[in-house]
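Read the structure below first, then the notes.
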Amino acid sequence: MKFGHFDDKEYEYVITNYNTPLPWINYYGQDGFFSLMSNTCGGYMFFKDAKLRRITRFRYNNVPRDYGGRYYYINDNGTIWNPGFLPLKTKLDSYKCRHGLGYSIFESEKNNLKCELLCFVPLNDLCEINQLTLTNNSKETKKVTLHGVVEWCLWNAVDDQTNFQRNWNIGEVEVDDSTIYHKTEYRERRDHYAFYHTNIKHDGFDSDLDTFLGLYNSWCDPSAVLNKTSYNSVASGWAPIASHMFNLEIKPGESKTVIFQTGYVENKEDEKWEKLHVINKEKAYELQKKYATKEQVLKAFNNLKTKWVSLLSTLKVKSDNEKFDRMVNIWNQYQCMVTFNMSRSASYYESGTGRGMGFRDSCQDLLGFLHLIPEKSRERIKDIASIQFEDGSTYHQYQPLTKRGNADIGGGFNDDPLWLIAATSQYIKETGDYSILNDPTPFNNKEGSEKPLIDHLRASLNYIITHKGPHGLPLIGRADWNDCLNLNCFSKTPGESFQTASNFESGKAESVFIAGMFVLYGKEFATILNHIGNKDEANKILAEVKSIEDATVKYGWDGEWFVRAYDAFSNKVGSHECEDGQIFVEPQGFCTMARIGEDLGFGKKALDSVEKILTNDYGVEILHPCYKEYHIELGEVSSYPMGYKENGSVFCHNNPWIVIANTVIGNNERAFDVYRRNCPAYLEDVSEIHKTEPYIYSQTIAGRDAKNYGEAKNSWLTGTASWTMYAASQAILGIKPDYDGLMIDPHLPKEIKHAQVTRIFRGIKYNISITNNASGKYQMTIDNKPIDGKIIPYNKDITEVNVIITL
Ligand code: GLC
Ligand code: GLC
């Protein structure tokens, strides 16, 4: 069952039924001010960091679901409704929510009163604009009261939900004409405030929640709305909100527009005040003036749209598969932008109060983002590398506001260091710019510890080389990519973290997955070293690669697939010898991508096993059979009920590894088959089962052993976005940035007979026409001349290249 449809021309998903199985959300913002917006107007806003700088309040496990947003109440002669259906749930005569790239447009109508609500965060400004237009389509003049409202968060989102003994005393606002300023804690150590402003004079306001709602009322029956009034309340402590009321008289055929703006301002310490207790509003006024008219709003909105058209022009495909095209051209790239911005911090599943930016997550997010904005990627690589320690190990996470490593979680995830090589090498391939290797980058953000970035990459490899176990395989530490494989934590205490309570430092548990990574990215680093003329060092690295490769062939192969790990007692994990968890997907993907045991046919066999044992209707499950019991020696993986999360769901993140691995062994049909199974556009028709947004990848889809087989969770913030982008563009379409030029090596399935791709690469526009006769033969011509090989050498003197590929 569908709840809407794609509008590819507008780059939108149009939700036409507000009863979506879960909130279907969207993200706004690019540099500082970010918002989440659901299809019922729920969600929240924050500046840079959803934990430390939360602007509006949201209660994640609220009942009912998804309350807390920016709400508009329209009281039309006693019929009260909201353009986004919630909170009142008044049945609408028509409803559309168009989620576009960085904006949403709600179009709804009730009793011949039409509402259009345009919501977005403009480029380069710290505010969210909500432009609301009411049009009277009836034959009589309507007298309508309109209330707009947001609820402030007291900045630190954790404190806000916990420290009530203090919180109920500190809320402060300033009310000034058409603006309510939220200035809690501004008198003391904060230098930022938020405001809620409307472009026309209101007929009343409220800034105290209890007054606005009325005692024991909820968002579903606010006293002010029911009584068509405002109480002009000025909050002092308790829960500050911002609400403005308008009495609008709208003639037949007439439209009236109100522009609501929620803004954020920072002031220098000595410029905080206009006078005692009156905040300096200069910057707020500037922002308010910029969005005071419909024309100004429209211009900013068009700028945003144009920005996206230009971003997406870097890579475009027109093939005979509409679903593939819309994911590659629009939604997959869009999700890559969101994961780049958010890492795993703030979504409807990540509360924004827990994790900040992940070292491994953010490195991987770059793989699908780099081509969009290389400059931002460079900065990000530096931020990430700055939380590495001198021995090559790394903090696991950092807070976006402070950019400092998160000491609560610490380090010890032994895959982390290698992801830095994945991101940096991809950056060089995209840009051809080796100078990043010389960027002075500190260790653990310590001033004076700066070394060229290349020394960080060296340290990464060195950490693995110096931390090997009894089989010569890399030690796993607290976990590798699979956070839930905790082989050095023997946890019996409820609630204890499986990762940070490492309490059984065996010095023995090894990861075949990290071995695969080391081989893949070790070779990559050697290639870079050769390019910059460090041949001897490259050979040394290749010798280390060989040693781990040999160990993997010897101890990491189970007969039909790669072993997953060795536990603290050197017993195998992910082997036919085990009762449960006999096969894990991760090493099958990574060791095949690294071509370990290629001459022995390992990759082919491993991927056959993946198809036979792990593949279900919605993709490839992470392991099989699911763990039926808790295994103290394995950790969190066995804590999940069967078929959920790391215990046997389709953990979508590693499905693209199987796609890529299949192209490595030349099985194009199967590569596309895996791609298709969890591709959201393909799951749109079964949205009632899949439940999450049909335009966005989710982290996990319940596996065959789960009660709710096929149900997805944790949409948006997942490495699935970037890895699938990488798999679709670089493996299936085969458009691969490489050190010396653009490689074109498509692995299209038979069903895609033709694909026309434009790719802007290092400033050159490549028009690539691929015809797939599935002949097994490859031919490339450039400007009608046949070319040997698959790489188009980079030539800075040309601006456009026409390439024809036949397969
Ligand atoms: C989550 C984490 C990621 C981890 C994965 C598997 O997606 O963000 O870092 O690799 O789970 O456990
Ligand atoms: C990963 C996993 C999740 C686990 C978490 C622990 O994100 O996906 O299942 O709870 O790591 O840090």
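The values are calculated or read from the model by the stated rules, or taken from the named source; none is laboratory data. Everything numeric in this text was worked out from a predicted model, so none of it was measured. Neighbour counts run over all protein chains shown; Cβ positions are idealised from the backbone, glycine included.
Things to note:
- When the criteria are applied in full, residue 139 fails the requirement of being within 25 Å of residue 29 (Cβ to Cβ) and basic (Lys, Arg).
- Single residue of 618, 640, 630 found to be at pLDDT 95 or above, surrounded by fewer than 24 Cβ atoms within 10 Å (Cβ to Cβ), within 26 Å of residue 678 (Cα to Cα) and among the hydroxyl-bearing types (Ser, Thr, Tyr): 640
- Members of the range 645-682 that are over 28 Å from residue 15 (Cβ atoms), within 16 Å of ligand 1 (Cβ to nearest atom) and in a helix (DSSP H, G or I): 654, 657, 658
- Residue ID - farthest from ligand 2 (Cβ to nearest atom), chosen from residues in the range 671-704 that are under 26 Å from residue 777 (Cβ atoms) and crowded, with 21+ Cβ neighbours inside 10 Å: 672
- Selection status of residue 475, at pLDDT 95 or above and away from ligand 2 (no atom under 16 Å from the Cβ): yes
- Within the range 619-644, the set of residues being part of a loop (DSSP other than H, G, I, E, B) and either within 14 Å of ligand 1 (Cβ to nearest atom) or polar (S, T, N, Q) (or both) comprises 621, 622, 634, 635, 639, 640, 644.
- Per-region count, the range 580-618, residues assigned to a loop (DSSP other than H, G, I, E, B), of a type outside the set (Lys, Arg) and touching a helix residue (DSSP H, G or I) at 6+ places or on another chain (Cβ under 9 Å): 8
- Residues satisfying the stated conditions in the range 363-379, i.e. touching a Phe, Trp or Tyr at 6+ places or on another chain (Cβ under 8 Å) and part of a helix (DSSP H, G or I): 363, 364, 365, 366, 367, 374, 376, 377, 378
- Pairing each residue of the range 718-729 that is farther than 19 Å from residue 664 by Cα with any residue that is more than 16 Å from ligand 2 (Cβ to nearest atom), provided the two are 6+ apart or on different chains, yields C-beta distances under 6 Å for 721/335; 721/336; 721/368.
- Residue 750 out of contact with any strand residue (DSSP E or B) (no Cβ under 6 Å at 6 or more places or on another chain), free of Cβ contacts under 8 Å to residues at least 60 places away in the same chain and outside any strand (DSSP E or B): no
- Given (1) away from ligand 2 (no atom under 15 Å from the Cβ); (2) under 23 Å from residue 722 (Cβ atoms); (3) among the basic types (Lys, Arg), number of the condition residue 628 does not satisfy: (2)
Conditions tested, residue by residue: (1) of a type in the set (S, T, N, Q); (2) within 23 Å of residue 243 (Cβ to Cβ); (3) at pLDDT below 95.
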| position | (1), (2), (3) |
| --- | --- |
| 27 | no, no, no |
| 31 | no, no, yes |
| 36 | no, yes, no |
| 39 | yes, yes, no |
| 42 | no, yes, no |
| 46 | no, yes, no |
| 53 | no, yes, no |
| 57 | no, yes, no |
| 68 | no, yes, yes |
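- Single unsatisfied condition, residue 496 versus (1) of a type outside the set (A, V, I, L, M, F, W, C); (2) surrounded by fewer than 19 Cβ atoms within 10 Å (Cβ to Cβ); (3) away from ligand 2 (no atom under 16 Å from the Cβ): (3)
- Looking at 637, 620, 674, just one residue is within 26 Å of residue 498 (Cβ to Cβ) and free of Cβ contacts under 8 Å to residues at least 60 places away in the same chain, and that residue is 620.
- Screening 724, 718 for residues that are more than 17 Å from residue 317 (Cβ to Cβ) and either touching a helix residue (DSSP H, G or I) at 6+ places or on another chain (Cβ under 7 Å) or away from ligand 1 (no atom under 16 Å from the Cβ) (or both) leaves exactly one candidate, 718.
- Pairing residues of the range 109-122 that are farther than 17 Å from residue 36 by Cβ and without any contact (Cβ under 8 Å) to a residue 60 or more places away in the chain with residues that are part of a strand (DSSP E or B) and of a type in the set (Val, Ile, Thr), at Cβ distances under 6 Å and at least 6 apart in sequence or on separate chains, gives 111/79; 114/135; 116/133.
- Within the range 318-353, if we keep just the residues that are in a helix (DSSP H, G or I) and within 15 Å of ligand 2 (Cβ to nearest atom), the residue that is nearest to the chain's Cα centre (by Cα) turns out to be 339.
- Verdict on residue 356 being on the phi > 0 side of the Ramachandran plot and within 16 Å of ligand 2 (Cβ to nearest atom): no
- Residues in the range 754-776 that are part of a loop (DSSP other than H, G, I, E, B), modelled with pLDDT of 95 or more and at negative phi: 772, 773.
- Residue within the range 461-472 that is among the charged types (D, E, K, R), in contact (Cβ under 8 Å) with a residue 24 or more places away in the chain, within 24 Å of residue 588 (Cα to Cα) and assigned to a strand (DSSP E or B) present: yes
- Scanning the range 705-722 for residues that are of a type in the set (S, T, N, Q) and either within 14 Å of ligand 2 (Cβ to nearest atom) or surrounded by fewer than 24 Cβ atoms within 10 Å (Cβ to Cβ) (or both) gives 708, 714, 715, 718, 720.
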